[in-house]
Each structure stands twice: as C-alpha cells, then as structure tokens.
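Below is one structure, written out as structure tokens; comments come after it.
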Amino acid sequence: METKFPGFSGIQMIDDGAADGAAIPLTAAPSAAAAEPGATESKVVIVGSGPAGLTAAIYAARANLEPIVIAGYVPGGQLMITSEVENYPGFPDGIQGPELMELFRKQAARFGTRFADVDLDRVDFSERPFHLWAGGVEYRAQSVIVATGASALWLGLDSETRLRGRGVSACATCDGFFFRGKHVAVVGGGDTALEEATFLTRFASQVTLVHRREQFRGSKIMQERALAHPKIDVRWNSEIAEVLGEDVVTGLRLRDARSGEMHDEPFDGLFVAIGYRPNTDVFRDWLEVDEKGYLVVHGETGSKVEGVFVAGDVHDHRYRQAVTAAGDGCRAAIDAERWLESIGLAEAATATAW
Ligand code: NDP
C-alpha cells in the first residue's frame, strides 16, 4: 500500500471508515466479484473474508461443501489495510497484507468457494436452513460460520489517519520491531495499552503511556508491571489533540484534560490501544455475546445455535493474529463438516479423524 513509512511496516487494524469502504482505498482488492447468479444455497455459508473466514472456506471447499462466502463490500478484513506482514509463517521475506488475502481467496476459489462481496444485513437463525440477507439477496444455509472479525478503535483525528503506517499503528506485535531505539507513545489505559507498552520496551528506548484520566482501567498486575518498568512513563490526564508530522510522526500535541492547556512533545511513533469493537451487531438477537460484544463460543467452535460456528477475532480478544484466526477458521470448518455429517448432510468426513 502507499502508506509506507521507511523501516516501518506491519499489520494495522482496519478502522470503521475503511470497513465502510470510505477512508482507505484498496490497492489490491481481490479479483472475484459477486457470487455467481443462483448461488444462494449452501451447506455452509461463511460470513467474513479475513484469514478466519477464508481458511474456513478453503477447508469447507476441500470437503466438497461448496461454501458461499459473504465477504463484505470491503473483502479481506483487517489485512486489507495492512502494509507488510512479516509474522505470517511461510513468507520469510514478508508479504503485503492485501496480497496475502488475495492468495487466501484464490486458494478458496480454486476448490469451489462462491463469493458475494456484499455486507450481511440480517440473519434468522430460528430454524434450518438458516436465512441470511445480504445485498438484497436471501441466502439459505444448513450451517453458518461467523468470522466477521473485530475492528480496532481509532481516536478519529485526521492527522492520525494521514500518518497511519507512517508511525501510527494499532498493533505493537506487528510494528514494534521497527521502533528500535525510538521514543514511542501508547494511548489508552486498559489492558491492551498496558500490554502494548510493556511489549514495546523490548525495542523502544522510551515508552510513554498517554491516558485521558489519572487512573488506569487495566488489571492491577499489568499496571504494576508497566509502572515499575524503567522505560515506561505516563502522561496522566492527557488527550491527544493532534499527531504531528508531515510524512512521518514527529510528535504529539497533548491537551491537559483538566485545564485544556496544550503542549507539543516529540515522539517517533504512536500506538493506539483504546479497545476493539467486535463486528457482531447483526448476530446479537441470535447468538450470545459477552459484556464487550464478542461472541461467546460454546464447546470448541460452536455457538448457542446448533449448526452456527464461530471463528477468529469476532470471539478472540486475546491473540488477534492473522495466523491464529486462520487456525480458528480451520477448526470451525472441520467442526461444521463433522456436524453436517452427524445430521446426514455431508459425506464421511474428509477431515482429521478424532
Ligand atoms: P478497554 O475498553 O478495557 O480500555 C480502553 C482504554 O482506552 C480505556 O482506558 C479508555 O479510557 C481508553 N479510551 C477509550 N476511548 C478513548 C479515546 N477516544 N481517547 C483516549 N482514550 C480512550 O479496552 P482494552 O482493549 O484495553 O481491553 C479490552 C478487554 O480485553 C478487557 O477486558 C481487557 O482486560 C482484555 N485484555 C486482556 C489482556 C490480557 O489479559 N493479557 C490483554 C488485552 C486486553 P478510560 O479508562 O478513560 O475509559
């Protein structure tokens, strides 16, 4: 993608604007278009086209289930607004996020997956076949795999959007490496921010937590760990008014939350860690969600509705990695196949026996 910062690359999370197809243009959108006409019924409909959904599609397709993927208007999930991915196994030289998702998609298509590049509007899981409405079309599915992911929250500043991939990131695991010997800021006061800040001390010379209140929200143990670290300091009661820098991040304009006073401080990077929003709105009437809105998994990859399976960041707020999401998609597809087999809708299992 064009948002390259020299020496900086990695996974950045999709934002709401991008999810709506508005903020960030795609440079390598997958080539396949809508589902073939008439492809509205399947033994498996997969919702979501990030690593979890497409891996589920590869497995379901290879099990001859001819899955339909409701991929979204902006297919590919969070990796579509990623620059270089260096931690996905099998790519020793790294790979661009959109390119990686195109490879996933080609692999799924090769085995007979059908794609609909539209957003899911509504579902009815009251009986089988399940009903799903997307782009004005009704789909019917004997089983469903929900892999709609989660979106990182952003501050919403223009300067933050402009400098994303040029020093602004939402993923320390992905991008921390590129800040060796630098002074970075982490905004947020929850466990994600504390964890990201602690992780970044491996590379950065100094990590400054910027928090809008004078008390962290995160767990006590993570607070203690962060506050005791010699490389971590905190700007309490501080809001970010602007990210400074033309081509790369050079600093932050901080606003004192009590007095409103502004001052500028130099930084080499900003990690935004103010939480995630799981993409579960469409399912809330049917599936169980936890207090943060993530889907609750029943058993291995199941949900409270028999025949509806769950994979990836839509339930996983712990690991949030492309590779863990892909693994989860594989598990969900195998479970769906086994379940279809158990009700007589699929042939003898082609997947791993257990
Ligand atoms: P949280 O919602 O817990 O925290 C978000 C933080 O960001 C809060 O401190 C909040 O401030 C701040 N914030 C929110 N919006 C803004 C904004 N617009 N500007 C500035 N600051 C803002 O999200 P997390 O992602 O940290 O955690 C989510 C869940 O995942 C939690 O349950 C957490 O415990 C869990 N988790 C667990 C981990 C672990 O166990 N290893 C690691 C990471 C997360 P304020 O406090 O003022 O509301």
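The values are calculated or read from the model by the stated rules, or taken from the named source; none is laboratory data. The structure displayed is predicted, hence computed values, not measured ones. Positions of Cβ are backbone-derived with ideal geometry, glycine not excepted, and every protein chain shown enters the neighbour counts.
Evaluated against (1) more than 24 Å from Glu66 (Cβ to Cβ); (2) aliphatic (A, V, I, L, M); (3) assigned to a helix (DSSP H, G or I), Ala326 falls short on exactly one condition, (1).
The strands (runs of 3 or more DSSP E) located wholly in segment 195-269 that include 1 or more residues which are surrounded by 13 or more Cβ atoms within 10 Å (Cβ to Cβ) and under 28 Å from the mean Cα position of the chain (by Cα) occupy 206-210, 232-235, 238-244, 251-256. The set of residues in segment 62-86 that are over 19 Å from Phe130 (Cβ atoms) and either modelled with pLDDT of 90 or more or in a loop (DSSP other than H, G, I, E, B) (or both) comprises Arg62, Asn64, Tyr73, Val74, Pro75, Gly76, Thr82, Ser83, Glu86. For segment 87-104, the criterion of being in a loop (DSSP other than H, G, I, E, B), within 27 Å of Leu345 (Cβ to Cβ) and within 19 Å of the chain's Cα centre (by Cα) is met by none of the residues. The residue of segment 177-194 that is surrounded by the most Cβ atoms within 10 Å (Cβ to Cβ), among those that are touching a residue at least 60 places away in the same chain (Cβ under 8 Å) and within 15 Å of the ligand (Cβ to nearest atom), is Val186. One residue stands out in segment 200-221 among those that are farther than 29 Å from Ser259 by Cα and out of contact with any strand residue (DSSP E or B) (no Cβ under 9 Å at 6 or more places or on another chain): the one that is farthest from the ligand (Cβ to nearest atom), namely Arg202. Checked against the criterion of being surrounded by fewer than 17 Cβ atoms within 10 Å (Cβ to Cβ), under 25 Å from Ser342 (Cβ atoms) and touching a residue at least 60 places away in the same chain (Cβ under 8 Å), the candidates Arg140, Arg62 yield just one match: Arg140. The residues listed here are Glu224, Glu246, Glu242, Glu160; of these, the one that is within 11 Å of the ligand (Cβ to nearest atom), of a type outside the set (S, T, N, Q) and either outside the structural domain of Ala322 (by TED's automatic domain parsing) or touching a Gly at 6+ places or on another chain (Cβ under 6 Å) (or both) is Glu160.
Collect the residues in segment 278-293 that are within 10 Å of the ligand (Cβ to nearest atom) and closer than 26 Å to Asp175 by Cβ, keeping them in residue-number order. Passing the criteria: only Lys292.
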